[in-house]
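Each remark here refers to the structure printed beneath this line.
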Amino acid sequence: MKKIVILFSGNGTNLEAIAEAVQEEKSIEIVCALSNKADAYGIKRAEKFGIKTEILEHTSFSSREEYDKALVATLKPYNPDLIVLAGFMRILTPIFVDAFKNIINIHPSLLPLFKGSNAIEQSFNSDMKVAGVTVHKVTSELDSGQILAQECFNRDGLNWEEFNTKIKEIEHRIYPRVVKKLLLG
Ligand code: GRF
């Protein structure tokens, strides 16, 4: 059995897409979904799938390092084969990144373009004819690890809402696929 931990901070639509996709896989289990925000809607989505949830709020810690130490201590007992960041709005220190072998993230732009938290806005406001989504390995340098998957689309004529819908549609399709590929080959 391959074990996944999902970290998130908000809505959790990617969490849900992965939960749906691995439901059919007898050899993959989401052993924990952890949020750094107690009011994240993703908690409800995880519960709907019967996934164990944890809340570890960053506001109770004095530094990133202290938070990451607590995060490592919370997650180590789950012994995950893969940690999946799904809208986890934290910059991770080497304390966390070095503690686990396999951590991946999904980012709503064609990396290395538009790193950081307002990637969709940057991408939408750029002069580029294409936009897209990237799944990448996580290192301690923000949005800079090895690219595992990338998909682009023609954004000509799309308004802000349509642009966001397209990003989400791609995310929900490619992230589960990468998770399965990494764990099952
Ligand atoms: C996604 O757009 C992802 O690319 C980014 O955070 C967002 C999370 O969305 N890293 P959701 O909470 O999964 O709906």
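The table that follows gives values for the structure above.
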| read-out | value |
| --- | --- |
| One residue from N125, N118 being open to solvent by 40 Å² or more (accessible area, probe 1.4 Å) and under 30 Å from D98 (Cα atoms) | N118 |
| Test: residue in the range 53-75 that is open to solvent by 30 Å² or more (accessible area, probe 1.4 Å), within 16 Å of the ligand (Cβ to nearest atom) and at pLDDT 95 or above | yes |
| Qualifying residue in the range 87-101 (condition: in contact with a Lys or Arg (Cβ under 9 Å, 6 or more places away or on another chain), modelled with pLDDT of 95 or more and of a type in the set (D, E, K, R)) | no |
| Residue satisfying all of: in the range 1-15; within 13 Å of V179 (Cα to Cα) and not in a strand (DSSP E or B); nearest to the ligand (Cβ to nearest atom) among these | N14 |
| Pairs where the first residue, in the range 81-100, is closer than 18 Å to A17 by Cα and within 13 Å of the ligand (Cβ to nearest atom) and the second is open to solvent by 30 Å² or more (accessible area, probe 1.4 Å) and assigned to a loop (DSSP other than H, G, I, E, B), C-beta under 8 Å, 6+ apart | G87/N11 |
| One residue from A33, A21 being closer than 22 Å to H107 by Cα, part of a helix (DSSP H, G or I), open to solvent by less than 70 Å² (accessible area, probe 1.4 Å) and touching a helix residue (DSSP H, G or I) at 6+ places or on another chain (Cβ under 7 Å) | A21 |
| Test: residue in the range 105-122 that is touching a Gly at 6+ places or on another chain (Cβ under 9 Å), assigned to a helix (DSSP H, G or I) and free of Cβ contacts under 8 Å to residues at least 24 places away in the same chain | yes |
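The values are calculated or read from the model by the stated rules, or taken from the named source; none is laboratory data. None of the values given here were measured: they were computed from a predicted structure. Cβ: placed from backbone, ideal geometry, glycine included. Neighbour counts: every protein chain shown. Quick note on the areas: whole protein, heavy atoms, side chains included, nothing else; ligands and nucleic acids left out. Shrake-Rupley method; radii C 1.70, N 1.55, O 1.52, S 1.80 Å.
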